[in-house]
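Reading through the structure tokens given below for one structure.
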């Protein structure tokens, strides 16, 4: 029986690239070179390929991976940051971005990205582990001093001051906990309330869009932008109560 010689995949990529340098095969070919430790050769191929295919995301991911391997983390960040917003469901890209953020000491961005990865795939073990490592759970839900007063004191909060009476990091962490528990309705509520406190929180705004798109929670036709000031005060007081009770419960485990 005649045996058929199996041509290594890398040789097929090389041949295809020689025959047609404008082919998108440049991305997997460069990835082979990168994994063999030939990052500089991979960079040349990737840069030429991206010139021909500027919107080909695998080319950009390959370029960022090369920079990452060469420990040029800021260059890797510049490559990936422009892709994140329009490719939010690309887990491979999200994971790379999270790793780059860690290397560039952008801990907050890394944390929020790992949270979003868990939103996309609640069973992702790598994201779960990194959230634990970055978030330092023993200290995450320690109750701030301004939340240790009686509930009667909360009513006296002066909402005219610009500084938020709630630590936004605690709200973000509660969002992360809710997502890990697959409680998307609760996560949506925290995100909604956090935007009342910080309308410029772009991460919360994007997360709300993603949750609404995927799960479409019942918002009861609520539009925070047109909510009366008195209603916002009640809502913020309710949020304070929720944050305090959740934080106190986790604090009791320490």
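The values are calculated or read from the model by the stated rules, or taken from the named source; none is laboratory data. Bear in mind the structure is a predicted one, so any value in this text is a computation, not a measurement. Every residue, glycine as well, gets a Cβ built from its backbone with ideal geometry; the counts of neighbours run over all protein chains shown.
Assess whether residue 18 counts as being farther than 26 Å from residue 128 by Cβ and either surrounded by 15 or more Cβ atoms within 10 Å (Cβ to Cβ) or not assigned by TED's automatic domain parsing to the domain that holds residue 124 (or both).
no
Taking the condition farther than 30 Å from residue 123 by Cβ, in the same structural domain as residue 30 (by TED's automatic domain parsing) and at pLDDT below 95, does residue 87 pass? Show your work before the answer.
On the way: farther than 30 Å from residue 123 by Cβ: no; in the same structural domain as residue 30 (by TED's automatic domain parsing): yes; at pLDDT below 95: yes.
So residue 87 does not fit the description; no.
If you check residue 191 against the conditions, is it crowded, with 21+ Cβ neighbours inside 10 Å, modelled with pLDDT of 70 or more and either more than 19 Å from residue 128 (Cα to Cα) or in the same structural domain as residue 120 (by TED's automatic domain parsing) (or both)?
Judged against the criteria, residue 191 is a match.
Of everything in the stretch 65-80 that's surrounded by 15 or more Cβ atoms within 10 Å (Cβ to Cβ) and under 17 Å from the mean Cα position of the chain (by Cα), which residue is farthest from residue 133 (Cα to Cα)?
Selected residue: 79.
Kindly evaluate residue 115 against the criterion of being buried (at least 19 other Cβ atoms within 10 Å of the Cβ) and in contact (Cβ under 8 Å) with a residue 40 or more places away in the chain.
Against the criterion (buried (at least 19 other Cβ atoms within 10 Å of the Cβ) and in contact (Cβ under 8 Å) with a residue 40 or more places away in the chain), residue 115 qualifies.
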